[in-house]
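Novice: After the structure tokens below, expect a handful of questions from me.
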Amino acid sequence: MANEPIVDFEAIKNDLTNVPKPIQVLNESAEVTDQEVFDSFSDDDLVEFMKKMVWERALHEQTMNFSRQGRMGFYAPTEGEEASEMGTVLAMKKQDYLLPAYRDVPQLIQHGATVTEAYLWSRGHVIGNKFKARSLMPQIIIGAAYNEAAGVAMGIKKNKEEDAIAFTYTGDGGTSQGDSYEGMNFAGAFQVPALFIVQNNGFAISTPRKKQTAAPTLAQKAVAAGIPSVQVDGMDILACYAVAKAARDYITAGNGPVMIETLTYRYGAHSSAGDDPKRYRTKEDTQPWFDKDPLIRLRKVLEDKGLWSDEQEDKMVEEYKASFKDSIKEADKVAPDKVSDMLKRTFEIPTPEMRKEIEKFVEKESK
Amino acid sequence: MAKKTYIQAITDALDIVLEDDPKTLIFGEDVGKNGGVFRTTQGLQEKYGEDRVFDTPLAESGILGLATGLGLTGWRPIPEIQFMGFSFEAVDQIVGQEARMRFRFDGTKTSPVTIRTPYGGGTHTAEMHADNLESYFTGTPGLRVVMPSNPYDAKGLLISSVENNDPVLFMENLKLYRSMKDDIPDGKYTVPLDKANVVREGSDITIVAYGAEVNESIKVADKLAEDNISVEVIDLRTVSPIDSETIFKSIEKTHKVVIVQEAQKMAGVGAQVASAISEGAVLSLDAPVGRVAAPNSVYPFAQSEDYWIPGADEIEEKVKEILNY
């Protein structure tokens, strides 16, 4: 008997780590690493990207303020993820269907929901789900949207909408849930127009990425479903946009689904409900990510080109925040949801028992 | 009009809804070329093509997620879960996602899905193939649970379920698939959802049953008629919501009731019926509410199944006990 094993599993395992570097256009020092892609953006494009990130950070800061004042319900902080969220969503078209996760409220607003509606969603009011955008509400179950995205994408294909796709998001934790694989596998098996985005922000509440899986990258999880996938620098909005746009073009050309893993970071807590990131990560863990901040990076490029100034940005932030204050005032004006209305909307035709309950609550609510 | 089995009646209904509405889609494991493991979808792919009737990867959550998404984009999906025991894999998609769509969006978005699945014991299947799991789903607002007891109802209720704009869990009794035949009208007819059916009128005692136990109850009614005992048998047909009015009306006449179910006794449809009676018709009763159900064990392995499932003898015994109270 030979001593050599029939298979060198260790070599196969090691080979899994042999992956391409994440796609990047602008590095941490704001140096262009992909001139060709960089040159494809006009000055106006660059300013637009910056504006979107400034808008998202202002939205985050103002929403956190509202949250501290006790004026919000569930809120998942987005600071640090602006490049990943805005870069990918800017590649969407209005006719695309968005299936966001709970941290993807900024994308939902970009896709057509109003800030007032987003605030009402946070507060738990049905009007927060009645937006006109072609989108589902932010999904709470981390893998579920991947399954539904396969169905929405099949619907788009069956409806013969040639320039539309389903965009869906989950986080690094979401890739551990079986549904994320089922969704990608269905999309792959049926070759439907779906774009699966994993925003790998390092932590699923307190559980670090390395405890989610032994897979060296999350992008690799799409390989088993036969779907092309790629890692992208999630702190580089130019790369996030360029990759999402390329994916959308590839998908609308009839090539089936794509998966993108963005390498990003959540600066704050998982949610405003009180988890303390200091319990599960150190300043040393976090500092390098602050240094990669997507706003600092693009701001430097724009300033070098004479397209941006602190004064301009301060003014912009002030305007955005004023508009968010108007939005929350609008939300304040909305009367609370009624139980009688909730019962009415459970079934198209209320059951006999529900009809009695509706009467009971209409009376209770009229007092 | 032709004599058809329960399964042929279901195939007939599926054929009609596919013909009627080009937005209807049938999909699941082996439903295409194979026509389903029970042949329920036999011939439908051939007739309507692979775009309308197709096989999916073997993953229940994926199948139901596909249904939700298709429903949201204007389609009317009729997914199949090959055996109801496999529905555990899809509970989030059914309960957490599909059933809540209308509620979440105040009716501005809905997903009209009809989930078909076989359930029920007596055919000596492998584990997880026969469990009566209706009680897990009857507690779900926004989801109707329909359980036909005969071929005629199976066809009419399935057409009503597909045409309904809210999700329906349509449970098909495995043992009934080929064990009974009815005269089935050709073409389209419907049987209303949310309405129980008085399948046999009587004046001494009411039996409330559903699924295969309706037929066991009818056997008991036939037998007791020979002794001049008049038994009214009510078939719930839709087990969520329950048609309490029909039950109350019957109890006002008979003053006695026995509730029969194939599932374990704990927290199920029978418990809900008993509770509705205690709230709405207790003064019409002159005996306790009788219950016949399977014991609260895990669903048995094949060999002990026949002892475990309540049959006509147990129903008869309970009916006599309540009559003689």
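Novice: For region A:169-191, does any single residue satisfy the condition of being within 24 Å of B:Thr108 (Cα to Cα), within 8 Å of another protein chain (Cβ to nearest Cβ) and in contact (Cβ under 8 Å) with a residue 40 or more places away in the chain? Break it down into steps so the answer makes sense when it comes.
Specialist: Filtering region A:169-191 down to residues within 24 Å of B:Thr108 (Cα to Cα) leaves A:169.
In the following step, the residues that additionally are within 8 Å of another protein chain (Cβ to nearest Cβ) were identified as none.
There is no residue in region A:169-191 that is within 24 Å of B:Thr108 (Cα to Cα), within 8 Å of another protein chain (Cβ to nearest Cβ) and in contact (Cβ under 8 Å) with a residue 40 or more places away in the chain.
Novice: Look at region A:203-215 and say how many of its residues are touching a residue at least 60 places away in the same chain (Cβ under 8 Å), closer than 22 Å to A:Pro20 by Cα and open to solvent by 50 Å² or more (accessible area, probe 1.4 Å).
Specialist: Total satisfying the criteria: 0.
Novice: So, one more: Can you spot a residue in region B:147-161 that is more than 20 Å from B:Pro310 (Cβ to Cβ), of a type outside the set (Asp, Glu) and either assigned to a loop (DSSP other than H, G, I, E, B) or within 14 Å of chain A (Cβ to nearest Cβ) (or both)? Full working, then the answer.
Specialist: Narrowing region B:147-161 to residues more than 20 Å from B:Pro310 (Cβ to Cβ): B:151-161.
Narrowing the set further to residues that are of a type outside the set (Asp, Glu) leaves B:151-152, B:154-161.
Checking which are either assigned to a loop (DSSP other than H, G, I, E, B) or within 14 Å of chain A (Cβ to nearest Cβ) (or both) leaves us with B:160-161.
Within region B:147-161, one or more residues are more than 20 Å from B:Pro310 (Cβ to Cβ), of a type outside the set (Asp, Glu) and either assigned to a loop (DSSP other than H, G, I, E, B) or within 14 Å of chain A (Cβ to nearest Cβ) (or both).
Novice: Let me ask something additional. For the list (1) under 15 Å from B:Phe27 (Cβ atoms); (2) open to solvent by 10 Å² or more (accessible area, probe 1.4 Å), I need the number of the one condition that A:Asn159 fails.
Specialist: Single failed check for A:Asn159: (1).
Novice: Same structure, new question: Could you run through region A:16-46 and say how many residues are open to solvent by 90 Å² or more (accessible area, probe 1.4 Å) and outside any loop (DSSP other than H, G, I, E, B)?
Specialist: Total satisfying the criteria: 4.
Novice: Quick one: in region B:94-112, of everything that is within 7 Å of chain A (Cβ to nearest Cβ) and not aromatic (Phe, Trp, Tyr), which residue is surrounded by the most Cβ atoms within 10 Å (Cβ to Cβ)? Can you show your working first?
Specialist: Step one: filter region B:94-112 for residues within 7 Å of chain A (Cβ to nearest Cβ), giving B:96-97, B:102-108.
Still in the list and also not aromatic (Phe, Trp, Tyr): B:96-97, B:102, B:104, B:106-108.
Values: B:Gly96: 15, B:Gln97: 27, B:Arg102: 22, B:Arg104: 19, B:Asp106: 16, B:Gly107: 17, B:Thr108: 14.
Ranking the candidates gives B:Gln97 first.
Novice: Taking the stated definitions as given, is B:Val91 in a loop (DSSP other than H, G, I, E, B), open to solvent by 10 Å² or more (accessible area, probe 1.4 Å) and among the β-branched types (Val, Ile, Thr)? Don't jump to the end; show me each part of the working.
Specialist: On the way: in a loop (DSSP other than H, G, I, E, B): no; open to solvent by 10 Å² or more (accessible area, probe 1.4 Å): yes; among the β-branched types (Val, Ile, Thr): yes.
When the stated conditions are applied, B:Val91 does not pass them.
Novice: Select from region A:103-112 the residues that are out of contact with any Lys or Arg (no Cβ under 8 Å at 6 or more places or on another chain) and free of Cβ contacts under 8 Å to residues at least 60 places away in the same chain and write down the one among them that is surrounded by the fewest Cβ atoms within 10 Å (Cβ to Cβ).
Specialist: A:Ile109
Novice: For B:Gly211, all conditions in the list (1) assigned by the TED database to the domain that holds B:Lys318; (2) in contact (Cβ under 8 Å) with a residue 40 or more places away in the chain; (3) not in a loop (DSSP other than H, G, I, E, B) hold save one; what is the number of the exception?
Specialist: Unmet condition: (3).
Novice: If you go through region A:157-166 one residue at a time, do you hit one that is over 17 Å from the mean Cα position of the chain (by Cα), part of a helix (DSSP H, G or I) and in the same structural domain as A:Ala244 (by TED's automatic domain parsing)? Let's see the steps before the verdict.
Specialist: Just the residues of region A:157-166 that are over 17 Å from the mean Cα position of the chain (by Cα), to begin with: A:157-164.
Applying the additional criterion that residues be part of a helix (DSSP H, G or I) yields A:157-158.
Still in the running and in the same structural domain as A:Ala244 (by TED's automatic domain parsing): A:157-158.
There is at least one residue in region A:157-166 that is over 17 Å from the mean Cα position of the chain (by Cα), part of a helix (DSSP H, G or I) and in the same structural domain as A:Ala244 (by TED's automatic domain parsing).
Novice: Look at region B:224-271 and say how many of its residues are in contact (Cβ under 8 Å) with a residue 60 or more places away in the chain, open to solvent by less than 10 Å² (accessible area, probe 1.4 Å) and over 22 Å from the mean Cα position of the chain (by Cα).
Specialist: 2
Novice: On to the next question. Might you let me know whether region A:272-287 holds any residue that is more than 14 Å from chain B (Cβ to nearest Cβ), closer than 22 Å to A:Ile237 by Cα and of a type in the set (Phe, Trp, Tyr)?
Specialist: Scanning region A:272-287, I find no residue that is more than 14 Å from chain B (Cβ to nearest Cβ), closer than 22 Å to A:Ile237 by Cα and of a type in the set (Phe, Trp, Tyr), so the answer is no.
Novice: Since B:Glu50 meets every condition but one in (1) more than 14 Å from chain A (Cβ to nearest Cβ); (2) closer than 26 Å to A:Lys160 by Cα, which condition does it not meet?
Specialist: It fails just one condition, (1).
Novice: Additional query: Only helices (runs of 4 or more DSSP H) wholly contained in region A:273-357 count here; list those with 3 or more residues that are open to solvent by less than 50 Å² (accessible area, probe 1.4 Å). Break it down stepwise before answering.
Specialist: On the way: elements: A:283-291, A:294-304, A:310-333, A:339-344.
Result: A:294-304, A:310-333.
The values are calculated or read from the model by the stated rules, or taken from the named source; none is laboratory data. Keep in mind it's a predicted model, so treat the numbers as computed, not measured. Positions of Cβ are generated from backbone atoms using ideal geometry, with glycine treated the same way; all protein chains shown enter the neighbour counts. Keep in mind that these areas ignore ligands, DNA and RNA; they rest on the heavy atoms of the full protein, side chains included. Shrake-Rupley method; radii C 1.70, N 1.55, O 1.52, S 1.80 Å.
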